[in-house]
Amino acid sequence: MSRIQKPVRAAILCLLVVFSFCTVLCAKQENPIYYDVKDVGEPSGQTSMIQPWKVIPLDAEYGGQWVVASDLDGDGQVEIVSSRNVNKGDVHYTSTAVAQKLDGSVLWKWGNPAIGRKIWHHDVACQIHDWDGDGLNEVVLCTKGFLVELDGATGREKRRIRIADDASDCLVFCNLSGGRRPSDVLVKDRYHQIWAYDQAGNLLWTIKDPGGYRTAHQPRPIDINCDGRDEIMAGYAMLNADGSVRWVYKSKTVDQARGHLDCVRIFQRGRKPEDFKLVLTCCGANNVALVDGTGEIIWEVAGYHFESVDVGRVFPGVSGQQLVVDIDHQPLGNSPIWTLDEKGKLLGRIVTDYSRHHCLLDWTGDGIDEILVAHNGCIYDHHGRRIGVLAVPGGGLLGKSKGERSMLIADVTSDGVQDVMMVTPEKVYIYVNRKGAKASGPLRLGTEFNFTLY
């Protein structure tokens with residue numbers, strides 16, 4: 001054998017070993033430990049149909065499918081804010097917002113109803129937050145060229161802060177200064193640049209292509225070193241509070257430059273960065289990974305277009321938490337949702353008609369989370385069985401109403417228990433969680449802080 005042939009043969013053998021290893025890894029993921037269920041089509045007659053507690057028609061002129069909720073007027077009750085946005089060449093800005101009581105009555109309207117779209121495809125830059133710290137919530141949104149602050153009770157425009165014309169993709173509140181509350185705000189364009197402002201509207205810093213990669217859909221504030229100031233997971237780069245790069249995630253299995261970070265969720269908190277665990281999904285690179293708070297990779301599973309992640313306790317007999325993640329870009333009728341444990345092992349798989357929008361919630365009150373899927377409205381237990389269906393009167397089953405369905409978890413009844421909101425482009429359906437346990441600590445009234453769709 002020639003000197004040239006030997007290294008070529010060695011290289012081929014090396015590639016075969018790597019390929020074999022990857023094949024074994026993927027093969028393991030194809031065999032769930034507990035259940036493997038295909039659940040498509042209409043629910044059977046034996047499935048319990050759960051009727052909504054309230055149905056709120058969204059304002060026909062100003063309403064849209066992007067919905068956030070909280071107490072806007074200080075009466076201790078939840079109001080909803082729905083929004084529309086404009087999309088031109090994948091540049092987005094909020095065009096309308098309308099606040100409504102749970103009886104459907106309108107508190108106020110803002111914006112231009114002649115433009116924008118009802119349906120949603122991504123985050124809309126509209127959030128609810130007590131930005132000035134006076135105990136009352138504001139509605140804050142990004143329109144073209146401006147960050148706009150509205151009085152929550154009246155919709156009166158309190159001020160405008162000039163931003164770049166395309167810095168309206170989403171907005172996120174965070175604590176960069178180390179104060180008592182999140183008073184700073186991040187805005188961004190679609191994939192490349194992030195700007196940080198303080199509560200007075202002063203620019204703190206900006207960064208483009210953090211760590212050499214595109215931004216995530218929504219930057220994620222995480223106080224990773226527990227010093228009272230948020231670090232920012234800006235994409236594949238974790239930023240310090242001053243906007244400098246702290247570390248960059250470097251995959252060992254995929255080319256992460258093929259796309260961007262889709263979702264980051266906190267899997268485990270700790271007292272120091274090494275104790276944190278973060279779940280990352282890589283759009284385009286087809287990967288899901290668990291990393292620690294220093295960016296060190298704990299495990300990766302490649303080969304599928306993983307999207308959104310929920311973290312909770314799904315299996316009663318499995319220690320620790322689990323993560324639930326959907327696999328998107330699949331044909332209708334073959335849409336998987338996986339449950340993985342803290343070591344990346346596939347515990348369960350449910351294939352539905354469309355699994356893209358989902359959440360976790362203890363619906364039965366046994367301390368274990370059920371998996372809820374928006375498209376078919378189904379609630380699945382830890383055996384992968386349908387135990388109920390959230391009925392959408394007049395909207396049909398399996399997403400037959402116009403547009404996709406959004407599913408939100410929110411304390412809507414002010415009782416400290418998380419409920420469910422299902423949103424179509426025309427209506428909000430609210431389902432009261434009558435058996436769920438009260439939260440062990442303070443619970444935000446309404447939807448989560450910095451609500452995101454991705």
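The values are calculated or read from the model by the stated rules, or taken from the named source; none is laboratory data. Quick caveat: nothing in here was measured; it's all calculated off a predicted structure. Note: ideal-geometry Cβ built from the backbone for every residue, glycine included; neighbour counts use all protein chains shown. All accessible areas refer to the heavy atoms of the entire protein, side chains included, with ligands and DNA or RNA removed. Shrake-Rupley method; radii C 1.70, N 1.55, O 1.52, S 1.80 Å.
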Point to revise | Within straight-line cross-link reach of residue 427, lysines at Cα separation under 21 Å, skipping those fewer than 8 residues along the same chain | key: 54, 101, 109, 118, 400, 402
Exercise for review: Measure off 7 Å from each Cα along the Cα-to-Cβ vector at residue 30 and residue 48, then give the distance between these two points in nanometres to one decimal.
Suggested key: 3.7 nm
Check your understanding: Using unit Cβ charges (K, R positive; D, E negative) and no other charged atoms, how large, in debye to the nearest 20, is the dipole of the chain about its Cα centre?
Key -> 1280 debye
Point to revise | Per residue Cα convex hull volume in Å³ - calculated over the stretch 302-386 | key: 83 Å³
Revision key, fill the gap. Regression test value, accessible area per residue of the stretch 104-234, probe 1.4 Å, units Å², expected 38 Å²
Exercise for review: Just the ratio, please: alpha-carbon radius of gyration of the stretch 305-454 over 2.2 N^0.38 Å, N its number of residues.
Suggested key: 1.00
Point to revise | With DNA, RNA and ligands ignored, accessible area of residue 224 (1.4 Å probe; Å², nearest 10) | key: 0 Å²
Review point. Over the Cα atoms of the chain, how large are the radius of gyration and the largest Cα-Cα distance (Dmax), in Å?
Key: 22.4, 85
Exercise for review: Tally the DSSP beta bridges in the chain and give the antiparallel ones as a percent, rounded to 5.
Suggested key: 95 percent
Practice item. Note down the nm distance, to one decimal, between modelled labels 7 Å out along Cα→Cβ at residue 321 and at residue 299. Key: 1.6 nm
**Study point:** Leading residue at positive end of dipole, the chain (Cβ point charges), from 319, 450, 254
**Key:** 254
Study note, to complete from the structure: Of every hundred units of 1.4 Å-probe accessible area on the chain, the number belonging to carbon and sulfur atoms, as a percent, is 51 percent
Check your understanding: How much mean residue ellipticity at 222 nm does the chain get from its helices, if each DSSP H run of length 4 or more adds -39500 (n - 2.57) and you divide by all residues, to the nearest 500 deg cm²/dmol?
Key -> -2000 deg cm²/dmol
Exercise for review: Residues in the stretch 360-378, backbone N under 16 Å from the label point at residue 435 (7 Å along the Cα-to-beta-carbon vector): list them, ranges by number please.
Suggested key: 361-372, 378
**Study point:** Estimated inter-spin distance, residue 157 and residue 208, nm [label 7 Å along Cα→Cβ]
**Key:** 3.0 nm
Exercise for review: Please report Rg over Rh for the stretch 181-310, where both radii come from the alpha carbon positions and Rh follows the Kirkwood definition.
Suggested key: 0.96
Point to revise | By accessible area with a 1.4 Å probe, ligands and nucleic acids excluded, highest first: order of 33, 194 | key: 33, 194
Review point. With +1 on each Lys and Arg Cβ and -1 on each Asp and Glu Cβ, how big is the dipole of the stretch 207-323 about its Cα centre, in debye rounded to the nearest 20?
Key: 60 debye
Practice item. Using Cα positions and a limit of under 21 Å, work out the lysines in reach of residue 277, with same-chain residues fewer than 8 apart set aside. Key: 250, 252, 343, 345
